[in-house]
Amino acid sequence: MTSKGSRYDTEQIEEIYREVKSYQLLDDSSSSSSELSSSPILHTAKNSLRRGLLALFSAPSTIKFAKSAKRDSLYLACVLYNKDRVMVTEEDRYLPLLEVENSYGTNATITTAFSWLMKVNCHWSEINKLKHDMEKLNNVTSYSVKLLLLTALQQLQSLTGVQDLGMLHYQPIRDENTGAVVFVFVRQILDSKHFSFQQNLKWTALAKFHKNTPRSDCLGSILSTELIMYREGSHQPVSPGLHLGYLQAELCNNRVLSVMVPSQNPNSLPSVKIRDNANVTKDEWKSLLELSSHCQQCTDNQSNKSKNLFKRQLVRATRKLMDYLNIPADVALRHEIYSCEVLEFSPRVSFIILLPPSPAICHQRSDAKLTYTADTQLNQETLRVPVKSFEVSHLHTYQPSFISSYTKAMLALDVEMTAALQAQREAFSRTEIETTKPLVEDLKAHNLTLENIWKEARWLTDVVRTAREKNYTGILVKALYQNLLNEHKGDTSQHYSTKEASCCQHQLTKSDQHKSNTNNCGTTNNADTMTSCNTSISNEELSDPEASDRVIPCALNYLDMGAFI
């Protein structure tokens, strides 16, 4: 049985990082001996260094915090809090906020800058070095916003006296009135006694801050309970063991793929614990695969007790998860267990994934047919987080070494690749051309390797893509239920009483009686019947005989499975 845990190849990433840094295209100490020293990109090093030092040592008193949002401007803000206090400016109305750019251009610019900033967020101690290297590259258009972000980060570090400004909030905050965008960092200060910052900043009570700041103010509304709860919850892993997680993705109107997560634990999927042992044996997994639509006849009625116990544990977890998500009974039985693998988040945490009926696995937010989605009644308990932000937060919790190594290598490769490409464009002599060409090819090969490693680590997109393929076959929850009921017939052990077996047989009989009625729901004239049968069934499913055959009527209450658990 495969798992993703073995695919977090940190050692290979570290090797690539060492090789990339060995080229030393931007290393001042090696420029005199390098064959590329004649390249124009290195002649600007002294001037760039002078500009960097002037910016670094400029008086903090000359830096002014923003108090209002300008139209289409980009800002950086930080939320530093301690218990029930938060650091604000002297007016008690604003958080430390700096303008990055007065016109950021398009939404694509914001998306690119935010994705890049998530990588920088993993390496606070490297900001000065990264900015120093980027400044050596003259007239690189793609670095303009990035350099402005690094400058603003250095200023925030200087003003607050904190090098690590915390975790970048999972999405930019946008003012609908002005179009201004704010990137927010959040950090909890555990010991404020030894905390020093500039005179124009101070601690104030959260209640006082909210009282003095209108909620309609974009800059004031940055600080919310949701923002702090997200930061605190995203650092907490689930308890060790095997879990059943619910995966439902959503494609927003801006074409950004997001995933449903619990607000109390946003670095993971909504889940319930199956058992303490995180491992799934080969026999246990095989017993589930035999329930797939193509193998239902292969079920062994003489399965040992450990297999039956595993399936009962899985059914119990399924019931709890469905209850938590407020999923109707008829829809619950049409859910599927992801049959390709068990996901290993860490050596002590594994997940079996539960998927909603297709096409609800990944749906459009505006799709009126899918009003039954799991979070319909969970607006206060779940969030929709962009997949890229979720992946970074998730890996920070369960694979911190991997995400740290990967982001460090990508930042270094980005700078070295830009330097090599610029040197290749500006190469004049035959020697320069022959020197830069293999360097560019090597760096492109490293970039491709890192992309493949990242692709292997992105289990969420793998699951969504695989589950939506036409030839994919999952394990229906109904099939798991029926399998356990069938095994009861020949089971005389203490696990099942005569009363429990009768209840199970009764549920199977009800299912058979209502299947024909369900298949005819599309032609009935009774509006109430239509509503009860088609709450979560699209028109395409009703017109497809094979899909209709899988529809489970609302009258079949899956909660009665508790009789034999």
**Q.** segment 106-203: trypsin sites (Lys or Arg not before Pro) falling in loop per DSSP and having at most 13 other Cβ within 10 Å
**A.** Lys193
Q | For segment 63-112, diffusion coefficient by Stokes-Einstein and Kirkwood Rh (Cα), 25 °C, 0.890 mPa s, µm²/s | A | 199
Q) Given a 1.4 Å probe and the protein chains all in place, what does the accessible area of Ile433 round to, in Å² to the nearest 10? A) 90
Q.
Check which residues have an amide H placed less than 5 Å from Cys78's amide H, if you skip close sequence neighbours.
A. Phe185
Q. Looking at segment 81-166, which GluC sites (Glu not before Pro) are in a loop (DSSP not H, G, I, E or B) and have at most 15 other Cβ atoms within 10 Å?
A. Glu90, Glu91
Q: Scan segment 64-111 for trypsin sites (Lys or Arg not before Pro) in coil per DSSP, keeping those whose Cβ has at most 14 other Cβ atoms within 10 Å, and list them by number.
A: Lys64, Lys67, Arg71, Lys83
Q: With a cut-off of 13 Å, note down the residues of segment 70-113 whose backbone N falls inside the zone around a label point 7 Å from the Cα of Trp203 toward its beta carbon.
A: 80-88
Q: Just list whichever of Lys282/Lys455; Lys273/Lys388; Lys83/Lys146; Lys83/Lys320; Lys311/Lys455; Lys131/Lys437 have alpha carbons separated by over 30 Å in the model shown.
A: Lys83/Lys146; Lys83/Lys320; Lys311/Lys455
Q: Could you calculate the FRET efficiency of Leu251 with Thr473 from 1/(1 + (r/R0)^6), where r is the beta carbon distance between them and R0 is 25 Å, rounded to 0.05?
A: 0.55
Q: Using only protein heavy atoms and a 1.4 Å probe, report how much of Tyr104 is accessible, in Å² to the nearest 10.
A: 20
Q. Quick one: length gained pulling His210 to Lys70 fully straight, 0.36 nm per residue minus the C-alpha distance?
A. 48.2 nm
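The values are calculated or read from the model by the stated rules, or taken from the named source; none is laboratory data. Fair warning: this is a prediction, and the values are worked out from it, not measured in the lab. Note: ideal-geometry Cβ built from the backbone for every residue, glycine included; neighbour counts use all protein chains shown. Just the protein is used for accessible areas: all its heavy atoms, side chains included, with ligands, DNA and RNA removed. Shrake-Rupley method; radii C 1.70, N 1.55, O 1.52, S 1.80 Å.
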